[in-house]
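Read through the structure below, which is laid out as structure tokens, and then see the notes.
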Amino acid sequence: MDKSEKMALSLSGMLLILFFGAIMYAAVVEDIQVPTCITDMEPFTSDTLFQSGPETYELQMVARMWAFQPSTVRLPVGSTVDMYLTSQDITHGFMIENKNVNLMAVPGAVNYIQVTFDEPGEYFFACHEFCGAAHHTMAGRIIIEEEGAGTQMGALQ
Ligand code: CUA
């Protein structure tokens, strides 16, 4: 084997180890999750929020031109939310400020991610995919309240 081939092979091996290490670091240390497309769930047409465990909630969110339903969600601090997202019309985006949440809202499909809110405060969310004339109005917030507060969802206030 030529010396340059050996070098190219060694370099490729080192890069593989580096990339694998970066993926493991993101998954274990940074707790970054990749959204999942749920294939065994019918796309829903209305929003739902319910408590599924002592500190876990399930949120089904619908995107449409040009709003998210619900646009306001209230949850107690420490909540872990199983979040399901679909679209009623065209493709929208969904991101939550200061959280590792970045989903696409795709018509006919349901995307899923789990997110935990350990700090109280307001978490702004918005559509990040240009979707037409009123794209800039597609926003809302998740309000994380101190212990003892109830859950609630509704229109933007
Ligand atoms: Cu929906 Cu931009």
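All of the numbers you see were taken from the coordinates with simple rules; none came from a lab. Values in this document were obtained by computation on a predicted structure and should not be read as measured data. Every residue, glycine among them, receives a Cβ derived from its backbone with ideal geometry; neighbour counts consider all protein chains shown.
The stretch between E58 and V28, if pulled fully straight at 0.36 nm per residue, gains 8.4 nm over its current Cα-Cα span.
Looking at the range 36-156, the DSSP beta bridges with both ends there are about 70 percent antiparallel. Dipole check for the chain: with +1 at the C-beta of Lys and Arg, -1 at the C-beta of Asp and Glu, and the Cα centre as origin, the magnitude is about 460 Debye.
For the pair D2 and L18, label points projected 7 Å from Cα toward Cβ lie 2.3 nm apart.
Among L16, L103, L85, the largest mean-square fluctuation in a Gaussian network model of the chain, built with springs joining Cα atoms closer than 10 Å, belongs to L16. Of the residues I113, S4, F19, the one whose Cα sits farthest towards the positive end of the charge dipole of the chain is S4 (charges of +1 on Lys and Arg Cβ, -1 on Asp and Glu Cβ, taken about the Cα centre). Distance between the 7 Å Cα→Cβ label points at A133 and D40: 4.3 nm. The amide H of A105, built 1.01 Å from its N in the peptide plane, has H92, G93, F94 as neighbours under 5 Å, considering only residues 5 or more places off or on other chains. When the chymotrypsin sites (Phe, Trp or Tyr not before Pro) in the range 24-61 are filtered for DSSP coil states and for at most 11 other beta-carbon atoms within 10 Å of their beta-carbon, no site remains. Evaluated on the chain, the Kirkwood hydrodynamic radius is 17.3 Å, with distances taken between all distinct Cα atoms.
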